[in-house]
Structure formats: structure tokens, C-alpha cells
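What follows is a short report on a single structure.
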Amino acid sequence: MQRQDDIPRPARRPVTHMGRFLLNPARDLPLLQLVRDATFISRQQIELLIAGRTQELNYDNRNRRIANLVKRDQLQICHECFPYPGRIFTITHAGLNTLQISGMGILSVTADTEMLADIRQMPHFLGLNEIEIAAREALSVRRWIGDRQLKSLNIAANRPTQKDYDSIAEIAAPSGSDAVIYLGIEYERTIKSKDRYAQIRQKLDAERQIQGLLYFVDNEENAVILSREVYSALVPVGVVIASQFQSDGVNARLRVVQDRSIVRTSVKDYLTSVQRLKRHSET
């Protein structure tokens with residue numbers, strides 16, 4: 001709804017040459033937005049995450065659009081990253097500028113940002129994409145707020161989250177009601193120091209914007225360490241191996257601290273307990 005003091009502005013047209021469109025707003029802008037929000041994304045991941053964002057449904061046509069965006073310096077091709085097959089893409093300063101003049105800019109990364117992305121973080125962001133893909137298959141995800149979006153929201157928010165989580169997932173509660181759960185998502189590829197985890201525990205004790213926090217790790221050893229180091233009475237922390245979540249969904253095994261003990265349960269039962277705690281805190 002437009003407020004009385006809002007001044008409508010005509011939409012600015014992206015990337016034209018001699019009066020001819022070089023980009024199709026309805027089909028190219030969603031691609032640019034997806035790649036920007038993911039930081040790094042593989043061609044396969046684009047296909048799995050673009051659904052519902054664009055009018056373009058044809059795979060070959062989308063290939064041509066991606067090739068055109070690379071040609072126009074809107075997207076950049078990065079080196080391959082094992083074990084993710086195919087080409088990896090990231091957005092350029094020109095691509096960010098296109099989104100900004102189209103009214104789709106965010107505060108956390110702009111065309112004026114000196115360094116857009118650290119290539120060393122590529123495996124981290126590609127892994128996060130895989131987690132989002134698996135979560136959308138296993139859970140009723142209503143909204144997925146990625147790293148760059150969340151940082152942008154926190155810059156502008158009166159009540160930001162205590163930590164810039166890797167993502168926040170807004171999911172439908174397991175009960176099937178209209179209730180939603182806000183889950184912080186973290187992908188922990190390497191273990192941090194004990195002091196760092198102590199700081200995270202303090203932040204969780206002051207957190208009011210999420211009801212649970214899911215840590216995804218790559219192996220059993222990291223799952224054991226994390227479940228001992230990160231916990232909270234107010235924001236239940238679950239630790240799950242990413243590959244198991246991708247294969248088993250809500251039935252994947254998960255570690256959570258209950259009554260000062262580490263308990264093994266499932267993602268489904270963890271979400272049910274988070275919903276129960278949320279209800280209790282609201283009464």
C-alpha cells in the first residue's frame with residue numbers, strides 16, 4: 001500500500017543501447033538477483049533455485065540468457081569448485097548497478113563496494129546453496145533470507161539479529177497451523193575457537209528474532225564438537241550433518257542439548273520441540 005507521502009518514481013530501464021534492450025527485465029533481473037544473493041552459485045544450483053522467480057521456464061533459453069549476462073559483464077564465470085559440477089557464477093559491479101537502478105539494490109553490497117566476494121569463501125556459499133535446496137525439498141519454506149539479504153536487513157533494522165547468521169529460514173510449523181518458525185542457519189565448515197563459541201552462546205541468550213538455530217557440518221567429528229560448544233536455553237541449537245539432511249530430510253539425525261545433556265533426535269522432532277518452546281514463551 002502506498003503511503004500518502006510516498007512519491008512514485010518511474011522505473012529505470014536496465015542496460016540499453018541505442019534504444020534497444022540488451023537485458024529483459026522480467027527474465028534477466030531475477031537471474032541477477034539470485035546470483036547476487038547467493039554470492040557464488042553453480043549452474044546446476046541456479047536451475048534448482050530459480051523456480052518461481054522468473055517467467056523463463058526453458059533451460060536452453062536460460063543458458064542463452066546467462067551467456068548474455070556474462071557477455072554484458074553482468075555476471076562473471078569463476079573457476080570450478082570440487083565437488084560442485086559445472087561453471088560457478090558471481091555478480092559483477094555492473095550487475096549490481098543494474099539491480100540498483102531497477103530498484104532491487106541492497107545495503108550490504110553495492111556497485112560501490114570495493115571487494116564483492118572472497119574467492120576463498122566459494123565452497124562455503126556453494127554448500128549453503130545445497131542446504132537451501134535440501135531445505136526447500138524437506139520443509140515448508142515460506143521465505144529464505146540469505147547472507148547478503150540478512151546483513152542488509154540488519155543494517156536497516158531497529159532490532160537486528162544478535163548475529164549475522166548465514167541464513168534465516170521462515171518455515172511453516174510442523175503442527176500444520178498458520179504458525180511459522182524462524183530458524184537461523186549456519187554452515188560450519190571449520191571449527192572455531194572456544195572463545196568464539198562462548199561469544200555465540202552469549203549472543204543466543206540475548207536473541208529475540210529467531211526461535212531455533214540449525215548448524216550444518218560436514219562430518220561426525222565436527223558435529224560432536226559443535227554440540228558441546230554451542231547451546232542455549234532460549235534458542236535451541238541443533239547440529240546436523242549436511243549430507244544426511246540432504247538424503248534423509250526431516251528424518252535426518254540431529255544433536256541438541258537438553259537438560260545439560262546431548263540428545264540424539266531427528267530434525268522433525270527438533271522442530272516440534274522448537275514450536276512447543278515458542279508457544280510456551282508466547283503465553
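The values are calculated or read from the model by the stated rules, or taken from the named source; none is laboratory data. The model shown is predicted, which means the values in this text are computed figures rather than measured ones. Positions of Cβ are backbone-derived with ideal geometry, glycine not excepted, and every protein chain shown enters the neighbour counts. Side chains are part of the model used for accessible areas, which takes the heavy atoms of the whole protein and leaves out ligands, DNA and RNA. Shrake-Rupley method; radii C 1.70, N 1.55, O 1.52, S 1.80 Å.
Considering only the range 28-56, state which residues are modelled with pLDDT under 90 and not polar (S, T, N, Q). Before the answer, list the steps.
Keep residues of the range 28-56 that are modelled with pLDDT under 90, which gives 51-56.
If the condition is that a residue be modelled with pLDDT under 90 and not polar (S, T, N, Q), then Ala51, Gly52, Arg53, Glu56 are the ones that fit.
Please give the number of the condition Ser232 fails out of (1) modelled with pLDDT of 95 or more; (2) touching an Asp or Glu at 6+ places or on another chain (Cβ under 7 Å); (3) over 20 Å from Ser140 (Cα atoms).
(1)
Please pick out the residue among Ile181, Ile185, Ile210, Ile168 that is closer than 23 Å to Leu271 by Cα, part of a loop (DSSP other than H, G, I, E, B), hydrophobic (A, V, I, L, M, F, W, C) and open to solvent by less than 20 Å² (accessible area, probe 1.4 Å). If you could, list the steps in order and put the result at the bottom.
Details: Ile181 fails: part of a loop (DSSP other than H, G, I, E, B); Ile185 fails: part of a loop (DSSP other than H, G, I, E, B); Ile168 fails: part of a loop (DSSP other than H, G, I, E, B).
Result of the check over Ile181, Ile185, Ile210, Ile168: Ile210.
Taking strands (runs of 3 or more DSSP E) that fall entirely within the range 48-158, which contain at least 2 residues that are of a type outside the set (Val, Ile, Thr)?
Numbers: elements: 75-78, 88-91, 141-145.
Because the criterion is at least 2 residues that are of a type outside the set (Val, Ile, Thr), the strands (runs of 3 or more DSSP E) in the range 48-158 that meet it are 75-78, 141-145.
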